[in-house]
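Below is one structure, written out as structure tokens; comments come after it.
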Amino acid sequence: MECDHWREILEAMGHKVTFVAGALDRAGILMPELHFQAPSVMDLHDKVVYAKGNYRQIEANIFDIAGTIEGKLRHFFNGRRSVDLLIVANALSLPMHFPLAVALSRVIEELNLPSIARHHDFWWERKKYLKSHLFHFFERWFPPKLSNLKHVVINSIAREELKKRTGIEADVIWDSFDFKNNIKAKKDRYSKNFRNDFEIERDDLVFLQATRIVPRKRVEMSVDFIKKLNNPKSILILAGHTGDEGKEYYKKIYRLVRESKIRFRFIGDRINSRRRLEAVSNGKFPVRKRIYTLWDCYKNVDFILYPTKIEGFGNQFVESIFFKKPIIMTPYPVYRKDIEPLGFETIIMLQKVTQGVIRKVESIIENPDLAKKMTEKNYELGKKYMSYEWVEKKLKKLITKN
């Protein structure tokens, strides 16, 4: 998502941007070998992370696949396309694809290609990598130290930890949104079908959690909140996927919501980066169903639930600010350090849902002017600190920096 934001910002600055990736849902250069879910790549990852092999046993495989990828990247960069700047999105910080990190590092260094590595999380922030025996490999390639590679992180905590662990200096560029694009926030003919499609009444109180359904997003707190709110018109919408972390937690949450007797919808399979009509079976014959964007979700809900334990910055926070929705959240470390001091107003939960939190939300439900005052203030702060214009100033300095 943030890659797309950077593309829009860079194009507005007059640059031409091309996506190169292992999977694409838009125009770009498709190289399937770059995908972290390629079978050979996942096999290497599992051997390292889950101690199914040692480094000597897999080293040859890593560099063999890296050589293939490197050849394709060299052909691309040495071809008729003129590449002035390469921006690498998280592939040099989180070790999901070992061969890609090796290949990218070699190409950047040997072609002397000006590059920016944007890191939104690091291997030392994930427990599964801390259990690995391959620290020296991680330290060499995630991220690499190259003279023509600049580094960007999305919060000040990551900048401090990166400097402490590696000596690498990084700029901080927060997640952003196009606050000038008011059209994006308005309902249109397509998005007005949202509630009807998911059997949500016009007067229902809709609470959205748009994060992935993984343990650190603490979806169980959202379930507990809806249960304790005990409002027959309230409904919980879960719009996320499981991502790369398995389905066990998803199954746990599904059982939990059913047992809790709250009203809920899991709609992750109907959310995509692009709207479209998709044929699905209703058990008897194919029917066409609307696929919505995350923005359609925000337009059709009343509150945002954000009980996350840890975030690199907080896309859902920025999005909630833009769409002017009250946020019920837990204060994760980056929020405390980088966001809260700016003056945003949110409804804070700590380790559990208390009656104090419930009363605050009930007061906002009963008095819409409170919600309007809160969300308008947050929107103005977001426009000041998390807009495309704020990021553009940062990028201009970064691109021209010697």
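Derivation of every value follows stated rules applied to the coordinates shown; laboratory data play no part. Predicted model, so just to flag it, every value in this text is computed and none were measured. All Cβ positions, glycine included, derive from the backbone under ideal geometry; neighbour counts span all protein chains shown.
Across the chain, C-alpha contacts under 8 Å between residues 6 or more apart give a mean separation that, scaled by the residue count, equals a relative contact order of 13 percent. Pairs of Cα atoms nearer than 8 Å and 6+ residues apart set the relative contact order; for region 182-385 it is 21 percent. Looking at the square roots a ≥ b ≥ c of the eigenvalues of the Cα gyration tensor of region 1-40, which shape do they give, rounded for a/c under 1.5, prolate if a/b is larger than b/c, or oblate? Here region 1-40 falls in the prolate category. Sparse packing (at most 16 other Cβ atoms within 10 Å of the Cβ) combined with a DSSP loop state is found for the following trypsin sites (Lys or Arg not before Pro) in region 1-79: K16, R26, K52.
Label-to-label distance for Q57 and D25 is 3.7 nm, based on points extended 7 Å past Cα in the beta-carbon direction. For the chain, the dipole from Cβ point charges (+1 on Lys and Arg, -1 on Asp and Glu) about the Cα centre works out to 700 debye, to the nearest 20. For the listed residue pairs K127/K252; K184/K233; K187/K396, the alpha carbons are over 29 angstrom apart in K187/K396. Summary of the geometry: region 108-143 and region 168-227, compared by the centres of their Cα atoms, lie 30 Å apart.
In a DSSP loop and with at most 15 other Cβ atoms within 10 Å, the chymotrypsin sites (Phe, Trp or Tyr not before Pro) in region 162-254 are Y190.
Along the chain, the exposed loop sites are GluC sites (Glu not before Pro) outside DSSP states H, G, I, E and B with at most 16 other Cβ atoms within 10 Å, and the longest stretch free of them is 1-168. For region 261-367, applying the loop criterion from DSSP together with a ceiling of 14 other beta carbons within 10 Å to the trypsin sites (Lys or Arg not before Pro) yields K261, R274, R275, K284, K309, K352. Computing FRET efficiency as 1/(1 + (r/R0)^6) for E110 and K251, where r is the C-beta to C-beta distance and R0 is 45 Å, gives about 0.45.
In this calculation the C-beta distance from Y50 to C3 is compared with R0 = 35 Å, giving a FRET efficiency of 0.75.
Comparing V301, I364, P333 along the charge dipole axis of region 296-393, the residue lying farthest to the positive side is P333, per the Cβ-charge model.
Distances between placed amide hydrogens fall under 5 Å for M386 paired with no residue 5 or more residues away or on another chain. Residues whose amide H lies under 5 Å from that of A117, counting only those 5 or more places away or on a different chain, are V88, K150, H151, V152; hydrogens are built 1.01 Å from N in the peptide plane. The orientation-averaged projection of the convex hull spanning the C-alpha atoms of region 182-385 amounts to 12.1 square nanometres. Rounded to the nearest 500, what is the chain's calculated 222 nm mean residue ellipticity when only DSSP H runs of at least 4 contribute -39500 (n - 2.57) each, over all residues? Rounded to the nearest 500, the figure is -12500 deg cm²/dmol.
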